[in-house]
1. Could you list, in sequence order, the residues of region 143-180 that are closer than 22 Å to residue 65 by Cβ and out of contact with any helix residue (DSSP H, G or I) (no Cβ under 8 Å at 6 or more places or on another chain)?
2. Residues in region 12-21: is at least one more than 23 Å from residue 98 (Cβ to Cβ) and either near the ligand (Cβ under 10 Å from one of its atoms) or in the same structural domain as residue 108 (by TED's automatic domain parsing) (or both)?
3. Given the conditions (1) within 16 Å of the ligand (Cβ to nearest atom); (2) in a helix (DSSP H, G or I); (3) exposed (fewer than 13 other Cβ atoms within 10 Å of the Cβ), report the number of the one that residue 162 does not fulfil.
4. Give me the pairs: first residue in region 186-198 and within 15 Å of residue 162 (Cβ to Cβ), second residue part of a loop (DSSP other than H, G, I, E, B), beta-carbon distance under 6 Å, and six or more apart or on different chains, which are they?
5. Please enumerate the residues belonging to region 108-132 that are within 17 Å of the chain's Cα centre (by Cα) and either in a loop (DSSP other than H, G, I, E, B) or surrounded by fewer than 19 Cβ atoms within 10 Å (Cβ to Cβ) (or both).
6. What pairs come up if the first residue lies in region 99-116 and is under 20 Å from residue 37 (Cβ atoms), the second is within 12 Å of the ligand (Cβ to nearest atom), and their beta carbons are under 6 Å apart, counting only those six or more places apart or on different chains?
7. In contact with a strand residue (DSSP E or B) (Cβ under 7 Å, 6 or more places away or on another chain), part of a loop (DSSP other than H, G, I, E, B) and at pLDDT 95 or above: does that describe residue 51?
Ligand SMILES: N[C@@H](CCC(=O)N[C@@H](CS)C(=O)NCC(=O)O)C(=O)O
């Protein structure tokens, strides 16, 4: 399988960390990609020009990250990313959605930072900042497990992205429980080895 990837994309990191957690390291070839320059190889597989995009061994291209992690889980690996049924399944799916929401807001804000200043930009940034803050508060109030699943891996990737891109706004201070959870979960090999470098 080939994965259009960038180490600083939290969505791509979630997918790759899940692949490593499943034990698929040797089955995935990483294709370092900048989606913002719309390389033809990526466009041929994903017309949205977004990463991550996985090309399966039979040639099927898959996006976005939620679809890819479902596909990887369906192949059967060392862990189960999605509990099979019942409330446990939907709690994990909800956790992934919460973490993905942080990524959406933080990545959106990062994109705004790169644009020329204008009032609209400030409004979008304030909105995204608040969305992240509310999601962090919710995570702080949860009893997060140290068990690796798609939800906990996604949360670690979202927090890693905030640390990478918004270090001047330390999220840890107001969220001691989340900080303690992240400090321990971050030691897992597939989280430690995918930590993005500034
Ligand atoms: N919902 C998508 C989001 C993917 C996404 O926005 N990726 C960014 C990189 S972090 C991207 O490719 N951006 C290019 C663009 O928006 O044109 C997912 O979960 O995979």
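1. Correct list: 147, 163, 164.
2. Looking for residues that are more than 23 Å from residue 98 (Cβ to Cβ) and either near the ligand (Cβ under 10 Å from one of its atoms) or in the same structural domain as residue 108 (by TED's automatic domain parsing) (or both), one finds none in region 12-21, hence no.
3. The number of the failed condition is (3).
4. Hits for this filter: 196/7; 196/8.
5. Answer for region 108-132, where residues must be within 17 Å of the chain's Cα centre (by Cα) and either in a loop (DSSP other than H, G, I, E, B) or surrounded by fewer than 19 Cβ atoms within 10 Å (Cβ to Cβ) (or both): 108, 110, 111, 131.
6. 110/165
7. On the way: in contact with a strand residue (DSSP E or B) (Cβ under 7 Å, 6 or more places away or on another chain): yes; part of a loop (DSSP other than H, G, I, E, B): yes; at pLDDT 95 or above: yes.
It is true that residue 51 is in contact with a strand residue (DSSP E or B) (Cβ under 7 Å, 6 or more places away or on another chain), part of a loop (DSSP other than H, G, I, E, B) and at pLDDT 95 or above.
The rows are residues; the columns are (1) part of a loop (DSSP other than H, G, I, E, B); (2) in contact with a strand residue (DSSP E or B) (Cβ under 8 Å, 6 or more places away or on another chain); (3) loosely packed, with under 13 Cβ neighbours inside 10 Å.
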| position | (1), (2), (3) |
| --- | --- |
| 4 | no, yes, no |
| 13 | no, no, no |
| 17 | no, no, no |
| 20 | no, no, no |
| 47 | yes, no, yes |
| 58 | yes, no, yes |
| 69 | no, no, no |
| 77 | yes, no, no |
| 93 | no, no, no |
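The values are calculated or read from the model by the stated rules, or taken from the named source; none is laboratory data. Predicted model, so just to flag it, every value in this text is computed and none were measured. FYI the Cβ positions are ideal-geometry reconstructions off the backbone, even for glycines, and counts take in every protein chain you see.
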